[in-house]
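Worksheet: the structure to be examined is printed underneath.
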Amino acid sequence: MDTLQAILLGIVQGVTEFLPVSSSGHLQLAKELLGVELENNITFDVTLHAATVLSTIVVLWRELWRLFLGLFSRTYNAEQAYVVKIILSMIPAGIIGICFGEQIEALFSSLAFVGAMLLLTAALLAFAYYAKPRQKTTLSYRDAFLIGVAQAAATMPGLSRSGSTIATGLILGNDKASVANFSFLMVIPVILGKMLLDIASGEMATLDVPTAALAGGFLAAFITGTLACKFMIEIVKRGRLIWFAVYCLIVGAIALIHAL
């Protein structure tokens with residue numbers, strides 16, 4: 001992999017991590033188009049995920065700081081309740097990752113599967129767009145767990161994590177802005193946990209990617225991720241997810257046709 005390929009992949013990761021179009025699916029498609037093979041080295045993917053986590057922290061730092069300060073209250077408050085909801089949302093993804101991690105990794109090599117999941121993402125976004133549930137002011141513990149189930153399902157390549165979690169939250173009747181914030185905050189501990197597991201596995205010991213390429217990919221993912229995160233929060237508030245459904249429908253169909 002050269003530096004230009006790394007930057008292009010970083011841009012793909014940064015943009016699609018927050019847009020409801022599946023970062024894993026697009027990253028796999030981009031690798032196919034660029035002829036990049038990294039099956040035996042996860043260092044690059046971990047680097048890109050670290051960049052997108054950092055971009056989330058930069059965009060939502062006020063919310064994170066408020067939650068951090070609230071944890072030190074002696075009485076159970078809204079901030080502590082929010083953290084509990086985030087923990088609840090992590091449970092399904094943790095179970096899926098531990099029990100079925102290897103099986104899910106094997107699906108990344110199937111372009112047809114990625115295409116099918118992109119079509120499913122399109123259907124989910126379209127349903128969330130046309131559904132008109134009663135708006136709730138506060139996200140409940142039950143809804144937090146169900147959104148976590150959607151996040152766990154989205155570990156499959158091609159099924160958008162942000163699309164699944166945001167659509168689920170909207171279908172359950174939650175406020176658009178609160179759903180967007182929760183969707184992006186809840187993924188931080190999940191990605192960090194996955195990164196720690198990847199590092200602990202020892203697979204990162206062998207570095208097949210040049211340092212310049214790693215740095216270029218990281219910066220590209222961080223910059224585009226920061227912009228995409230801000231953009232996506234505004235898009236969800238305005239309720240314009242249908243255009244992403246159309247996009248996923250087109251890309252998913254192309255991927256399926258190419259795979260067949």
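Annotations
- Taking first residues from the range 235-260 that are over 14 Å from Ala112 (Cα atoms) and partners that are at pLDDT below 90 and exposed (fewer than 13 other Cβ atoms within 10 Å of the Cβ), the Cβ contacts under 7 Å between residues at least 6 apart in sequence or on separate chains come to Lys237/Ala177.
- Every residue from the range 90-104 that is small (Gly, Ala, Ser) and within 15 Å of the chain's Cα centre (by Cα): Ala93, Gly94, Gly97
- Look at the range 70-96: where a residue is under 12 Å from Gly148 (Cβ atoms) and a partner is polar (S, T, N, Q) and surrounded by 16 or more Cβ atoms within 10 Å (Cβ to Cβ), sitting 6+ places away or on another chain with Cβ atoms under 6 Å, you get Ala93/Gln151; Ile96/Thr155.
- Condition broken by Ala51, with the remaining ones in (1) surrounded by fewer than 16 Cβ atoms within 10 Å (Cβ to Cβ); (2) under 19 Å from Asn181 (Cα atoms) satisfied: (1)
- Looking across Leu146, Leu170, Leu125, one residue alone is over 17 Å from Ile242 (Cα atoms) and in a helix (DSSP H, G or I). It is Leu146.
- Output for the range 69-108, where each listed residue is aromatic (Phe, Trp, Tyr), assigned to a helix (DSSP H, G or I) and closer than 20 Å to Ser140 by Cα: Tyr82
The values are calculated or read from the model by the stated rules, or taken from the named source; none is laboratory data. Because the structure is predicted, anything quoted here is derived from the model rather than measured. Reconstructed Cβ throughout: ideal geometry from the backbone, glycine too, with neighbour counts over all protein chains shown.
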